[in-house]
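These notes concern the structure reproduced below.
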Amino acid sequence: QVQLVESGGRLVQAGDSLRLSCAASGRPFSNYNMGWFRQASGKERAFVAAISRSGSTTTYADSVKGRFTISRDNAKSTVYLQMNSLKPEDTAVYYCAASSSYYLLTSSGAYNYWGQGTQVTVSS
């Protein structure tokens, strides 16, 4: 089992920056690819970003490419999502997730463990 706890979500203005954190506990953190997903009100959960076990490979949704950066610190068992130039359409509950898959995947079905989510609200 892996327990994931997100933090850092809050109300910000359009154009602001925000960093989300996700602390993991349980099984060795470096065994898992990690991802961030988000779910806006009334919409399905959507992929945002993912990072490989070593941190050497990342992938992003087109909607956040160039604005968001995913990173991880395996010594701290934490994954981060740096969000810059935030837009109102970035408003959502953000979830981190862990995947034991060999490949770095963007489908939510590939992720075995999920956090409880943290709310990000971007006002215009």
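The values are calculated or read from the model by the stated rules, or taken from the named source; none is laboratory data. Bear in mind that the values here come from a model prediction, so they are computed numbers and not experimental data. Note that we place each Cβ from the backbone using ideal geometry, even for glycine, and neighbour counts take in every protein chain shown. Each accessible area value is taken on the protein alone, full model and side chains, heavy atoms only, with ligands, DNA and RNA left out. Shrake-Rupley method; radii C 1.70, N 1.55, O 1.52, S 1.80 Å.
Summary of values
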item: Accessible area of the chain belonging to carbon and sulfur atoms, whole % at 1.4 Å probe; result: 46
item: Area accessible to solvent at residue 87, 1.4 Å probe radius, in Å²; result: 80
item: Spacing of the two label points (7 Å from each Cα toward its C-beta) at residue 7 and residue 54, in nm; result: 3.0
item: Pairwise FRET efficiency - residue 82 versus residue 123, Cβ, R0 = 22 Å, nearest 0.05; result: 0.65
item: Residue-span extension gain [residue 31 to residue 19] - 0.36 nm each, minus C-alpha spacing; result: 2.0 nm
item: Efficiency of FRET between residue 106 and residue 69 - r from beta-carbon atoms, R0 22 angstrom, step 0.05; result: 0.85
item: Solvent-accessible area per residue for the chain (1.4 angstrom probe, square angstrom); result: 50
item: For the chain, share of DSSP beta bridges that run antiparallel, in % to the nearest 5; result: 95
item: Nitroxide proxy distance, nm - points 7 Å out along Cα→Cβ at residue 45 and residue 61; result: 1.2
item: Order of exposure, largest accessible area first, which applies to 62, 90, 73 with probe 1.4 Å; result: 62, 73, 90
